[in-house]
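Nothing in this text is a laboratory measurement; each read-out follows from the coordinates by a stated rule. Remember, it's a predicted structure, so these values are computed and weren't measured experimentally. Glycine also receives a Cβ, built like all others from the backbone with ideal geometry; neighbour counts cover every protein chain displayed.
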Amino acid sequence: MANFKLNINGKVREVDVDPQTPLLWVLRDHLQLFGTKYGCGVAQCGACTVHLDGTAVRACVLPISTIREKKITTIEGLSETTDHPLQKAWIEHDVPQCGYCQAGQIMSAAALLKDNPSPSDQDIDNAMQGNICRCGTYTRIKAAIKTAAKMS
Amino acid sequence: MSFIKTKVGRRSFLKNTSLAGGGIILGFNWLASCQSQPVEEIMAMPDAWFDINAYLKIGDNGLVTIMSPNPEFGQNVMTSMPMVVAEELDVDWKNVLVEQAPYNADMYGFQFTGGSRGMMSRWESLRMAGATARHMLKEAAAQKWQVPTREITTDAGKLYHKESGKSAGYGEMADAASKVAVPDEVKLKEIRDFKIIGHSQKNVEGKNIITGKPLFGMDYYKEGMKYAMVEHPPAFGMELKSFDASEAKAMPGIKDVFTIKAYPEDFVKGGFDTNAFPELIAIVGNSTWEVMQAKKKLKVEWEPFKTYEEKFDARGNTRSVTIPAGLESTENHLAMMTEYDKKPGKIVRKDGDPEAAFAKAAKVIERTYTAPYLAHNTMEPINTFAHVDNGKVFIAGPLQAPGFIEPAISASTGIPAEDIDIEMTRMGGGFGRRAYSHYMIEAALISQKMNAPIKLMYSREDDMTNGIYRPTYRATYRAAFDENNNLIGIHVKAGGVPESPLFADRFPAGAVENYLAEEWEIPSNISIGAFRAPRSNFMAGAEQSFLDEIAEIAGKDPIDFRLELLRKAKDNPVGKNNDYDADRYAGVLELVKEKADWGNKEANVYRGVSAYFCHRSYAAHVLDLVIEDKKPVVKKVTCAIDCGIVVNPDAAANMAEGGVVDGIGNALFGEMTFKEGVPQKKNFDRYRMIRMREAPKEIEVHFVKNEIAPTGMGEPPFPPIFGAVANALYKATGQRRYTQPFLGNNIDLEIKGTGS
């Protein structure tokens, strides 16, 4: 066990855990931040996507000891008032079915738009290829990303 | 004018006492109400709520809370079911709050999500709940104003008496209305007067989803709860021999390791009590990660089991099901299915004289279709929160039907059903998997043993390897033609491990003079279960590919050929018990033909058409395929669906789009295989799922407009897409596809088709 100070959504949070514990389980089990989801545990589905200093990463394979000072943003910290262009676009296109993968989808898309404010279809395909939606909402996700790109 | 007898679902008029009385709505986060509109646009919370019936309560300020009775797994019933109540109640949708109803069979009847039955089975009771409440509000106003009830009208949450000029909001009459006797009969709205039904409304949980609110079973949390996982045998056909948990128990944060048996030995199972692995090892600890690490340290000896019998309830009688011993492999399944296919099957339908037709045929074609096992792979893995405490069981987790599992939880824990409470959390997908909720018994037993609240979670690997798969199937179709290439007979022989996929009374039965249907089944110990449109999800692809081939031989356009058969089925049906409506079937084909502009396709686009009937609805797809870098790219899918009245059109379109994507993914890549009983894919690194790049670039959904009470929607668009993929691939490559998954080995595609 070791003590870690984490910068999560602009707040410093302290946890005492095994240094190998993936960020995902620290968020969920120790900090009760449930928006980041477990889907596969091997960085294959994208349900656990968060931002580390603005870059999309898979929290399920990220040992807590490797994070250090880096800023973590989860779905809960994406916007203060639910007004991120992607969140607005997600509502406009009424994207979710079951909704389980959607936080990860939005976090992947948010990292994409940050670096590439007007992505092509192919850019979107490439950036979102790591996020599985079992319900099959891909066409709506793509449309929502395009709408958000126009908004911002 | 339509009236409805309220007696049909009289128990629905019991009040929902768990929510009774004034005050604010329960604030427990996973039970939180969902606003149909952003919070700033709705009125403030009322000071008091008045229960009108189990489905709704009205606040003193006119705000209405509507209970959604069935579990939600993404089909959006949590929005569409309350919409139906709101319509008949005649309120403004923006003043409606929605809550997931508690599990209570006395009040809500069968709370089940599956079989595309939701809206189909609830339509009348939801309308009645709203209409009855509206009537009671009118009576309350009539009494207060001393005028006849029939003179009172309503509009958007207000009551009016035109003659006296009096008016009042529902909130003002809610207290009095809650005391009015429930009428014996109520008048329903005319369909043409609908203001909410048929008008797209946003998902009531949309905002909660996109902000990461804890809605799912996985998110259920209670201070002090322990985390649990289970270890099941690595292979079907194996059981526990012995284990050594000393190393696991010594790992940090581990509280206990022990075995559990979900079902008592003598328990007579219900149809959904499937469970491949009777005995499991449970590991309990302080956190998920610690339990995952300890699980790896278990030293377990497994051994092959002997053939055994399980007892199932069969409408009051007990039937025995044999679970055969053995370590099964896909290779053997395929060989056995080939063997069974050669033997005579059980004849399930025979029209005309098929033997004679085939004997005199000028031409006969025979085609064999196969499909592998599929894993459900719900994005939210299996999990449940359980707390067995003080002689009571509390369960919260994702499941499709609490009524299915309650008897077994009761038998296993020894706690009577009335002391079992099951909270239905939002499900991160179901697809049939969560109709089999053995994991809830497992969680309850672990909690009981630990005497603590626990959260049971399956890892993705545990989830993917513990069974309840879509079975593997095989179907051989033969068609007989006369010398002019007219179709004169069809013979289908289908089977699977362990069930036959055949629906003998479905199209093209009824449209073919000489028709023979046979089936066979091979017992197995690999557990199977319902998977989105069970059996149809295989038969549609086989049948619709075969019809495409017949049309080609007959020299006919594939849509016109199907329409011709349907005309025959309507005007001059062959045989009895044809279970489809030929007009509605033809309707979706005609609609898709028009909307896809069937006669005019772009150059280098290869088109496949397919249509199917299941769950009382009709769906037809035209799939436009292009080949880029030797890979198939679905440019567009045009869908036409007849599911009767469409309650929430945009959400229904979302379901159809999802069905299309799901079907394309499974047709191209979906596959689970076995070697010596061991599932060969354990996670998404090897189990290929459809992803963004392979999804259609565009999906256009059209609904047939009619006034038929809603029929199934979640499943019907799924089966036919398999045929559309196969038929489009043929056009592109010149090769018919008979074996699913069509791109199993990630093969390259060459454009060699005619495309015509």
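Per-residue Cβ neighbour counts within 10 Å put B:631, B:576 in the sequence B:576, B:631, beginning with the fewest.
A cut-off of 5 Å between modelled amide H atoms, ignoring neighbours fewer than 5 places along the same chain, links residue B:166 with B:161. Mean sequence separation of contacting Cα pairs (under 8 Å, at least six apart), scaled by the length of chain B, corresponds to a relative contact order of 13 percent. Shown for A:81, B:307, B:79: other C-beta atoms within 10 Å of each C-beta, ranked fewest to most, produce the order A:81, B:307, B:79. Given +1 at the Cβ of Lys and Arg, -1 at the Cβ of Asp and Glu and no other charges, the dipole of region B:472-733 around its Cα centre is 740 debye to the nearest 20.
Taking every residue in B:213-219 and counting other chain Cβ atoms within 10 Å of its Cβ, the average works out to 5. Amide H to amide H distances under 5 Å link residue B:203 with no residue, where only residues 5 or more positions off or on other chains count and H is placed in the peptide plane. Among the residues of B:290-302, the average count of other protein chain beta-carbon atoms within 10 Å of the residue beta-carbon is 1. In this structure the amide hydrogen of residue B:644, modeled in the peptide plane, comes within under 5 Å of the amide hydrogens of B:711, none closer than 5 places in sequence on its chain.
Taking the Cα centre of region B:681-756 as origin and assigning +1 to Lys and Arg Cβ atoms and -1 to Asp and Glu Cβ atoms, the resulting dipole is close to 360 debye. For region A:5-74 versus region B:286-331, the inter-centroid distance based on Cα atoms is 34 Å. Counting only lysines at least 8 places from residue B:570 when in the same chain, those with an alpha carbon closer than 23 Å to its own are B:350, B:556, B:593, B:705. When the chymotrypsin sites (Phe, Trp or Tyr not before Pro) in region B:60-109 are filtered for DSSP coil states and for at most 11 other beta-carbon atoms within 10 Å of their beta-carbon, no site remains.
Residue exposure proxy: B:425, B:154, ordered by other Cβ atoms within 10 angstrom of their Cβ from fewest to most, comes out as B:154, B:425. Sorted on the mean count of surrounding Cβ atoms within 10 Å across their residues, most packed first, peptides A:52-62, B:324-334 read A:52-62, B:324-334. Rounded, prolate or oblate, given the Cα gyration tensor of the protein assembly as shown, with a/c below 1.5 counting as rounded? Since a/c stays below 1.5, the shape of the protein assembly as shown is classed as rounded.
Centroid-to-centroid, using Cα positions, region B:404-437 and region B:682-741 are 32 Å apart. Taking the Cα centroid of region B:128-203 and of region B:61-89, what is the distance between the two, rounded to the nearest whole Å? So the two Cα centres are separated by 18 Å. How high is the relative contact order of region A:2-77, in percent, counting Cα pairs under 8 Å that sit 6 or more residues apart? Contact order relative to length: 38 percent. Inter-chain neighbour count for B:687-694: the average number of beta-carbon atoms from partner chains within 10 Å of each residue's beta-carbon is 6. Pick out, in residue order, every one of the trypsin sites (Lys or Arg not before Pro) in region B:307-410 that is DSSP loop and has at most 12 other C-beta atoms within 10 Å; say none if there are none. Those that pass, being in a loop and sparsely packed, are B:315. Positive contributions from Lys and Arg (+1) and negative ones from Asp and Glu (-1), summed over other residues with Cβ under 14 Å from the Cβ of residue B:413, come out at -3.
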